[in-house]
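Asks: What follows is a single structure, and I will ask about it in a moment.
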Amino acid sequence: MQTSTHLHFNGNCREAFDFYARTFGGKIVFAMTYGESPAAQNSSAESRNKIIHARIDFGGQFLLGADTPGEHYHTPQGFNVMAAVEQPAEAERIFRTLADGGQVTMPVQETFWAHRFGMCTDRFGTPWMVNCAKPAEAVTAAARKSA
């Protein structure tokens, strides 16, 4: 089984997905507007250029999204999208990029479990965690020291 995150946007899915593809080095492999879909005749004039479905490929992992019709859109809450990064410098770059124009919840920093970890909500309203994990042995050793 594989799970993927499906994000809802309030009319700016295309802009957000262009931003995510650049930020993470992914490729938008599919994007369809309401006006291009088989349900185009049932779409309102203001939604025809909005995204009904988009998909970014990050080398075997995917991020999905759509513009939710205004009356059905809700600000995201109760979750974060986790970006697991290999190198601390890359974690810092990604965090800065995501946080630019958004809101920082926890500044990127070293923690007992990560070389770098930070939390923010980007300018599109998506809540993120950026994590550059330490090896499991280092985390276990830190937990033993504090016990």
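The values are calculated or read from the model by the stated rules, or taken from the named source; none is laboratory data. A quick note: this is a predicted structure, and the numbers were derived from the prediction, not measured. A quick note on method: Cβ atoms are made from the backbone with ideal geometry, for glycine too, and the neighbour counts reach across all protein chains shown.
Asks: Pick from region 95-118 the residues that are touching a Phe, Trp or Tyr at 6+ places or on another chain (Cβ under 7 Å) and in contact (Cβ under 8 Å) with a residue 24 or more places away in the chain: which of them is surrounded by the fewest Cβ atoms within 10 Å (Cβ to Cβ)?
Replies: Ranking the candidates gives Gly118 first.
Asks: What tally of residues in region 117-131 results from selecting those that are under 20 Å from Arg22 (Cβ atoms) and in a strand (DSSP E or B)?
Replies: Residues meeting the conditions: 7.
Asks: Give me the residue from region 1-34 that is of a type in the set (Val, Ile, Thr) and surrounded by fewer than 18 Cβ atoms within 10 Å (Cβ to Cβ) and, out of that set, nearest to Leu98 (Cα to Cα).
Replies: Among residues in region 1-34 that are of a type in the set (Val, Ile, Thr) and surrounded by fewer than 18 Cβ atoms within 10 Å (Cβ to Cβ), the one nearest to Leu98 (Cα to Cα) is Thr23.
Asks: Checking Ala16 against (1) in a helix (DSSP H, G or I); (2) closer than 14 Å to Asp67 by Cα; (3) without any contact (Cβ under 8 Å) to a residue 40 or more places away in the chain, which test does it fail?
Replies: (3)
Asks: Based on this model, can you work out whether Ala40 counts as aliphatic (A, V, I, L, M) and at pLDDT below 95?
Replies: The answer is yes for Ala40.
Asks: I'm checking my understanding of the structure. Among residues of region 63-81 that are modelled with pLDDT of 95 or more and over 21 Å from Gly118 (Cβ atoms), which one is surrounded by the fewest Cβ atoms within 10 Å (Cβ to Cβ)?
Replies: Here the answer is Leu64.
Asks: Before we move on, is Ala84 in contact (Cβ under 8 Å) with a residue 24 or more places away in the chain, more than 27 Å from Met32 (Cβ to Cβ), loosely packed, with under 14 Cβ neighbours inside 10 Å and among the small types (Gly, Ala, Ser)?
Replies: It is true that Ala84 is in contact (Cβ under 8 Å) with a residue 24 or more places away in the chain, more than 27 Å from Met32 (Cβ to Cβ), loosely packed, with under 14 Cβ neighbours inside 10 Å and among the small types (Gly, Ala, Ser).
Asks: Okay, moving on. Can you work out which of the residues in region 35-62 that are touching an Asp or Glu at 6+ places or on another chain (Cβ under 8 Å) and free of Cβ contacts under 8 Å to residues at least 40 places away in the same chain is surrounded by the most Cβ atoms within 10 Å (Cβ to Cβ)?
Replies: Lys50
Asks: If you take the residues in region 119-147 that are surrounded by 14 or more Cβ atoms within 10 Å (Cβ to Cβ) and among the β-branched types (Val, Ile, Thr), which one is farthest from the chain's Cα centre (by Cα)?
Replies: Among those that are surrounded by 14 or more Cβ atoms within 10 Å (Cβ to Cβ) and among the β-branched types (Val, Ile, Thr), it is Val139.
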